[in-house]
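The values are calculated or read from the model by the stated rules, or taken from the named source; none is laboratory data. Note that the structure is a prediction, hence the values are computed from the model and not measured. Every residue, glycine as well, gets a Cβ built from its backbone with ideal geometry; the counts of neighbours run over all protein chains shown. These accessible areas exclude ligands, DNA and RNA; they are computed on the full protein's heavy atoms, side chains included. Shrake-Rupley method; radii C 1.70, N 1.55, O 1.52, S 1.80 Å.
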Amino acid sequence: MGGLRDQRLVVVTGKGGVGKTTVAAALALAFAAAGRRTVLAEVSGRDDASRMLGAGNAGVFRERVVAGGLSHVSIDPEHALEEYLVDQLPVKALADVLAQSRAFTYLAAATPGLRELLTVGKVWELAQDLRRTPGARPYDVVVLDAPATGHGLALLRAPRTFADAAHVGPIARQGRTIEEMITDPRRTAVVAVATPEELAVTEALALRAGLREATGRTPALAVLNAMRPARITAADADRIERVLAGAVPSRESARPALQAAARAHRTVRTQRTQSARLKRGLGDEVPVVGLPHLPGGASDPDAVLRLSRELARRADISAAAGAGTGAAA
Amino acid sequence: MTGSVSDRLEGKRICIVAGSGGVGKTTTSAAIAMGLAAEGKRVAVVTIDPAKRLASALGLEQLGNEPHLVDPAVFAAAGLEMRGELWAMMLDAKRTFDDLIERLAPDAESRDEILGNRIYQELSSAVAGSQEFTAIAKLYDLDREGGFDVLVLDTPPSRNALDFLDAPDRLTSFFEGRALKLFLAPTGIAAKVVGRGTGVVFSVLKRVTGVDLLQDLSVFFRALGGIIDGFTERARGVKALLADPGTTFLIVTSPQPEPVEEALFFHGKLAEAGMPFGGLVVNRVTPRAQEAPVDVAAVAADLDDALGASLAKKVAKTYADEQAIAARDAASIVRLARAIGTHDAIIVPLLDGDVHDVEGLLGVHRHLFAGDEERARLLRVAAGVEPAA
């Protein structure tokens, strides 16, 4: 699948409201359909993707199968900390002492960046051959539905920050191990999601810059979500505007329909400008794939399945051609 | 609680605009501030991450981390008379944090120790939560300085709007807790101060974290020790400010399912925390022209003469798609109204073109500041069921 054929970890991020969760769920379904054992991970104890896939509420920190070949887990820092302690400490009693200590709980909550580190540490753990979680089997690929750009980058930066701050000891070692994975293009891919709108594209371009700074990497793929069909041409639009300015047919639905079409044309024009801007800004090395806007909504299992098929098809095409074609192109 | 935004904010001196990412919080905040200023008030708006063109239109690119007066000519050129004053600023999280430390540190030495600490540097710039914390710190300062009639705060683009309410607590509860005392005396004495078990905790911690990290943390917390009193006092002040009768939370959402759930969740949390809810703005709504599903063939037939068969069909199809979205949006609004128990959300239609400049602000402003009747008319015009006046 495009630049995402081999990586073990796929991080999906972008501006708030662009459909990161939908795209992450669709990607995960596409991987699973391609025969890879896949886990879709959400952070901060959220489970929107699980509900989108029709698998209901997730419960925190529980890996469960939600579709053929696809599992889901909702990560929260508290459980991640507990699991980490149990794994790191030779005696479980010690871990219990720590986990139950109020002082330690406060410390963990107040230490800057620790929540991010624990979250990304768990994501890393999901992507290992030898799982730390008792009884857990390895996955071929982990899809992370990451927070919006800024917070998403903070997540990716956390391991290095801690490795640098700690110098030596288990956290430094662990931090460096995680960082190695995140910065290795063969193991980790970042997918930038945007809609063809000014602010979303601006943020995708900012992600590219921020990612380079944080990990020295570029996104493996950009997804332009919610592309509208370009039904109405510029000449059509001129004709529609002329009718709107003059004698609108008297039927009730005529004006609303004409206005809707004129508006749709303007939307597609913006879409074209912003798609071009994104492609120009990302350059040749980042393939851009378009996903269609679904008038019926994109938050149900059927919609996600449809987008996952689009993604599987288009991402392959873009890998071969070196640049994607939007749904409306 | 009906009427325009202006009616709903009557008597309020702080308006916090909350909602999940991508719903148009920044534009809404700026449009509200602009509208109140046009009515004659002295208003400051604190924005987090405005679009570039809006930022340059409002002169937000200049440094300083303090509000500055926006040239009224900017609005006059767009046809809006400013009877009051609009002041605007873009929050600089790191700078706000540094200012706070500078003010609270007892002496230059401890100030430099904190500002130079690696953990502090990470905390003040990169960490999720620092924007939430500093936004509210800035709001608190501006309120205390008292130079404005109304403060409008755009909240950070956190995925979970709740982070914003939690942020002050998360960072400050620590200062009142025992963990800090532990770090202020990170030796054997600590065990005696805070009780048995702490010694074990400490040695285990060392083992888990590595010694250097622990030292860095302890330097950080020890340095912060000097400013605890100031910090906890502020934390109390901030909490009180959020619950003040002069403060109100405006929840902004788009009609998409996820932001709607987020808005409902946030509304519940506001009620739980005893914080004032001032109203709901539903942005980017596709205007509904008809209740029944669109009969594509019939609509196409009506437009046939004017447009020709082929274009008429395309137009009818586009209209049907749009009305399907409009129906979903309408259902979202009903769901919001039922769950929140109000039927007076302010609906702002999906506006044409670009809302990221002053013209765009005016477009949003028109809806927010219209009375009930005028707003309903504007929606009918947007839907096309009534021609523009």
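Quick rundown of the values:
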| read-out | value |
| --- | --- |
| Solvent-accessible area of A:SER275 with every protein chain in place, 1.4 Å probe, in Å² to the nearest 10 | 10 |
| Reciprocal mean inverse distance between Cα atoms of the stretch A:136-234 - Kirkwood radius, Å | 15.4 |
| Förster radius 60 Å - calculated FRET efficiency between A:ARG5 and B:GLU81, Cβ distance, rounded to 0.05 | 0.50 |
| Cleavage-rule hits (trypsin sites (Lys or Arg not before Pro)) in the stretch A:117-203: DSSP loop, at most 11 neighbouring Cβ within 10 angstrom | A:ARG186 |
| Partner lysines for A:LYS279 [C-alpha distance under 30 Å; skip if fewer than 8 residues away on the same chain] | A:LYS15, A:LYS20, B:LYS25, B:LYS52, B:LYS314, B:LYS317 |
| With eigenvalues of the C-alpha gyration tensor scaled by 5 and rooted, the stretch A:1-101, Å | 29, 15, 13 |
| Unit Cα scatterers, Debye sum, the stretch B:307-389: log10 I(q)/I(0) for q = 0.14, 0.23 Å⁻¹ | -0.64, -1.23 |
| Solvent-accessible surface (1.4 angstrom probe) belonging to B:ASP321, in square angstrom, nearest 10 | 50 |
| Nonlocal amide H pairs with A:VAL43, under 5 Å, H built at 1.01 Å | A:ILE75 |
| Rounded to whole Hz, the Karplus (6.51, -1.76, 1.60) HN-Hα couplings of the stretch A:222-236, x for glycine and proline | 10, 10, 9, 8, 6, 6, 7, x, 8, 6, 8, 7, 4, 5, 4 |
| In the stretch B:62-121, GluC sites (Glu not before Pro) in a DSSP loop with at most 11 other beta-carbon atoms within 10 Å | B:GLU81 |
| Percentage, to the nearest whole number, of Cα pairs in the stretch B:17-66 over 17 Å apart | 38 |
| Projected label distance in nm at B:ARG42 and B:ASP71, using a 7 Å step from Cα toward the beta-carbon | 2.3 |
| Whole-angstrom Cα spans of the stretch A:175-227 along principal axes, big to small | 38, 18, 14 |
| Check: the stretch A:189-236 dipole with +1 on Lys, Arg Cβ and -1 on Asp, Glu Cβ, in debye | 200 |
| In order through the stretch A:55-69: 3J(HN,Hα) via Karplus (6.51 cos²θ - 1.76 cosθ + 1.60), integer Hz, x for Gly, Pro | 9, x, 5, 8, x, 8, 6, 10, 7, 9, 6, 10, 7, x, x |
| Nearest-20 debye value, chain A charge dipole, Cβ charges on Lys, Arg, Asp, Glu | 860 |
| Cα centroid separation - the stretch B:230-263 against the stretch A:179-214, whole Å | 30 |
| Expected-Rg normalisation [2.2 N^0.38 Å, Cα atoms] applied to the stretch B:275-317 | 1.92 |
| Whole-Å semi-axes of the ellipsoid equivalent to chain A (Cα gyration tensor, √5λ, descending) | 42, 20, 18 |
| Cross-link pairs B:LYS12/B:LYS239; B:LYS41/B:LYS269; B:LYS94/B:LYS269; B:LYS239/B:LYS269 - those with Cα-Cα distance over 23 Å | B:LYS41/B:LYS269; B:LYS94/B:LYS269 |
| Fully extended contour minus Cα-Cα distance, from B:ALA337 to B:ALA243, at 0.36 nm per residue | 31.5 nm |
| Over 16 Å [Cα-Cα, the stretch B:75-118], rounded percent | 57 |
| Rg [Å, one decimal], Dmax [Å, integer] - the stretch B:325-371, C-alpha atoms | 12.8, 34 |
| Accessible area per residue in Å² at 1.4 Å probe, computed on the stretch B:220-344 | 41 |
| Cα point-scatterer Debye curve for the stretch A:176-309, base-10 log of I(q)/I(0) at q = 0.14, 0.17, 0.22 Å⁻¹ | -0.77, -0.97, -1.22 |
| Per residue Cα convex hull volume in Å³ - calculated over the stretch B:1-159 | 124 |
| Chains B and A, summed buried accessible surface - 1.4 Å probe, Å², nearest 100 | 6200 |
| Amide H contacts under 5 Å for B:PHE249, placed H, 5+ residues apart | B:ILE16, B:PHE277, B:GLY278 |
| FRET efficiency estimate (nearest 0.05) - Cβ-Cβ, B:ASP112 to A:ASP164, R0 25 angstrom | 0.75 |
| Estimated dipole of the stretch A:108-185 in Debye, rounded to 20 [Cβ of Lys and Arg +1, of Asp and Glu -1, Cα centre] | 240 |
| Estimated FRET transfer efficiency (A:ARG62, A:ALA245; beta-carbon r; R0 51 Å; 0.05) | 0.25 |
